[in-house]
Amino acid sequence: MEDEEHIIDFYLRVTTPERFRALKSYRKKAVSHENRKHKIDDNIFYCRYCKRCWSIVPGWVDRAKFRMYPEGNMPTFKKKRKDCPSCQ
Ligand SMILES: [Zn+2]
């Protein structure tokens, strides 16, 4: 039994400052991902006429500056109702 590491020694060994920092930054990353998701969701609208989701995209993504998502591909729950540019 003398060779076995004491439980306190074990904790001191595994909770190094580097590990603690890594854990903290991992949590921070998770939060920023949540924020990013909300930002994306805020830019996606649901068109009542063609019943599809669409979003405003930068000109380099699409020259029309908006993109339609295929029907049934996107959750429409809580999406803002806004007519898409092709239905306006
Ligand atoms: Zn539409």
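Of the residues making up segment 52-65, just one is farther than 15 Å from Arg81 by Cα and among the aromatic types (Phe, Trp, Tyr), namely Trp60.
Remark: pairs (first residue in segment 70-88, in a strand (DSSP E or B); second residue at pLDDT 75 or above and within 13 Å of the ligand (Cβ to nearest atom); Cβ separation under 7 Å; 6+ apart in sequence or on different chains) = Lys80/Phe45; Lys80/Tyr46; Arg81/Tyr46; Arg81/Arg48. For segment 35-88, the candidate set comprises residues that are surrounded by 13 or more Cβ atoms within 10 Å (Cβ to Cβ), under 17 Å from the mean Cα position of the chain (by Cα) and polar (S, T, N, Q); within that set, the residue that is modelled with the highest pLDDT is Ser55.
The values are calculated or read from the model by the stated rules, or taken from the named source; none is laboratory data. Remember, it's a predicted structure, so these values are computed and weren't measured experimentally. Here the Cβ is made from the backbone with ideal geometry for all residues, glycine too, and neighbour counts use every protein chain on show.
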